[in-house]
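The values are calculated or read from the model by the stated rules, or taken from the named source; none is laboratory data. Since this is a predicted model, take the numbers as computed values, not measurements. Cβ sites come from the backbone with ideal geometry, for glycine too, and all protein chains shown count toward neighbours. Ligands, DNA and RNA are excluded from the accessible area calculation, which covers all protein heavy atoms including side chains. Shrake-Rupley method; radii C 1.70, N 1.55, O 1.52, S 1.80 Å.
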Amino acid sequence: MRQLLSAGKRILVFTGAGISTWSGIPDFRGPDGVWKRRQPVYYHDFMRSEAARIEHWDFKLEGWEGFRDARPNATHEAIVQLERAAKLLAVVTQNIDGLHSRAGTSAERLVELHGTNSLVECQSCGQRSDPQPHFEYFRKTRKPPVCGCGGFLKPATISFGQNLKKEDLDRASKFAGQSDLVVALGSTLSVYPAADIPLIAARRGVPYVVINRGETEHDGLQEVTLRMEGDVVEIFPRAVAKALAS
Ligand SMILES: [Zn+2]
């Protein structure tokens, strides 16, 4: 691992929910995940039904303070260290917690494939804004907030039934085509098209490292150079520190 990180000059880091559990972010799909308690609101319904919009804002309000107050952990910080050492090409994340940008990863090197909870976005004009006043408005009035243009406002995450943004997928694919090492951290690599991104890089013949606690869907693929089992926060920051010291 250390040798691969030492040799890498254009490292692509792909991250999933497993890197944020140490920051107190709930794993939505896990055994105690949110989706065991609540029904997700599909995008189609959000756009057509006021009741669905209320349900979605109520669900987002429930998690908002947790997201707002979450702090990056040693894994997010190790990725920033790679960028400062001019070894990071990009971070492509499935996470919606905004913790990579809070840790200091540059916007031009970050692709949040599933969007972010740290912004609210108008579904008509695309304008993005700070969520706090919108949550306060919803908490007081129980009315879903609306943009000045009349469009529906929604936390800027990709909803169920909503396509990923083409621009984000294009940027992620472009980075995958330029990297010289790809590292997947804390992802079960089971949600597509996101999980295609590390494979695009690996199929060009660049080394592919997978670190995760528990099985991933890429286990056993010939493209995987190194598979490390365990908690990312116990493995990756130490490996980065050693690689940067050598
Ligand atoms: Zn608008």
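HN-Hα J couplings of region 229-246 from phi, Karplus 6.51/-1.76/1.60, θ = phi - 60°, integer Hz, Gly and Pro as x?
Calculated HN-Hα couplings, in order: 9, x, 6, 4, 5, 8, 10, 6, x, 5, 5, 5, 4, 5, 5, 6, 7, 8 Hz.
Can you work out the FRET efficiency for the pair ARG38 and ARG71, with r the C-beta to C-beta distance and R0 = 35 Å, to the nearest 0.05?
Numbers: r = 25 Å, r/R0 = 0.72.
Calculated transfer efficiency: 0.90.
For the chain, calculate the relative contact order in percent as a whole number, restricting contacts to Cα pairs under 8 Å that are 6 or more residues apart.
Working: 435 pairs, mean separation 65.2, N = 246.
Reported relative contact order: 26 percent.
Can you tell me which of 69-80, 43-54, 144-155 comes out highest on packing, and rank the rest after it, using the mean Cβ neighbours within 10 Å? Each step should come with its number before you reach the end.
Values: 69-80: 19.8, 43-54: 15.4, 144-155: 17.3.
Sorting 69-80, 43-54, 144-155 by mean packing, highest first, produces 69-80, 144-155, 43-54.
Angle check, please: helix 166-178 long axis (alpha carbons) against the longest principal axis of the chain (alpha carbons), in degrees 0 to 90, nearest 10.
10 degrees
Counting only the heavy atoms of the protein chains, how much of LYS166 is accessible to a 1.4 Å probe, in Å² to the nearest 10?
The accessible area of LYS166 comes to roughly 140 Å².
Can you tell me how much longer the chain between ARG2 and THR141 gets when fully stretched, taken as 0.36 nm per residue apart minus their C-alpha distance, in nm with one decimal?
Working: separation 139, 0.36 × 139 = 50.04 nm, distance 5.36 nm.
Here the answer is 44.7 nm.
What's the extension gain from LEU221 to ALA107 if we count 0.36 nm per residue and subtract their Cα-Cα distance?
Numbers: separation 114, 0.36 × 114 = 41.04 nm, distance 3.14 nm.
That pair, LEU221 and ALA107, stretches by 37.9 nm at full extension.
Give me the angle, in degrees from 0 to 90, between the Cα long axis of helix 50-69 and the longest principal axis of the Cα atoms of the chain, rounded to the nearest 10.
50 degrees
If you fit an axis through the alpha-carbon atoms of helix 74-84 and take the longest principal axis of the Cα set of the chain, what angle between them do you get, 0 to 90°, nearest 10?
70 degrees
What is the gain in length, in nm to one decimal, between ASP130 and ALA241 on full extension, counting 0.36 nm per residue of separation less the C-alpha to C-alpha distance? The partial results should precede the final answer.
Values: separation 111, 0.36 × 111 = 39.96 nm, distance 3.45 nm.
Here the answer is 36.5 nm.
Just to verify a number: what accessible area does TYR137 come out at with the full protein assembly present, 1.4 Å probe, Å² rounded to tens?
For TYR137, solvent-accessible area is about 100 Å².
Within the set LYS143/LYS174; LYS87/LYS154; LYS143/LYS165; LYS165/LYS242; LYS9/LYS166, which residue pairs have Cα atoms separated by over 29 Å?
Values: LYS143/LYS174 40 Å; LYS87/LYS154 35 Å; LYS143/LYS165 27 Å; LYS165/LYS242 36 Å; LYS9/LYS166 27 Å.
Beyond 29 Å: LYS143/LYS174; LYS87/LYS154; LYS165/LYS242.
How about LYS140: which aspartates and glutamates have a C-alpha closer than 16 Å to its C-alpha, ignoring those fewer than 8 places off in the same chain?
Within the straight-line limit of under 16 Å, LYS140 reaches these aspartates and glutamates: GLU55, ASP58, GLU62, GLU65.
Per DSSP H run of at least 4 residues, take -39500 (n - 2.57); add these up for the chain, divide by its residues and hand me the 222 nm value, nearest 500 deg cm²/dmol. Walk me through the numbers before you get to the answer.
On the way: 9 runs with 93 residues, N = 246.
About -11000 deg cm²/dmol.
Ignoring any ligand, DNA or RNA, what whole percent of the accessible area of the chain comes from carbon and sulfur when the probe is 1.4 angstrom?
Carbon plus sulfur share of accessible area: 50 percent.
Roll a 1.4 Å probe over the protein chains and send me the accessible area per residue for the chain in Å².
Values: 11740 Å² over 246 residues.
On a per-residue basis, the chain sits at 48 Å².
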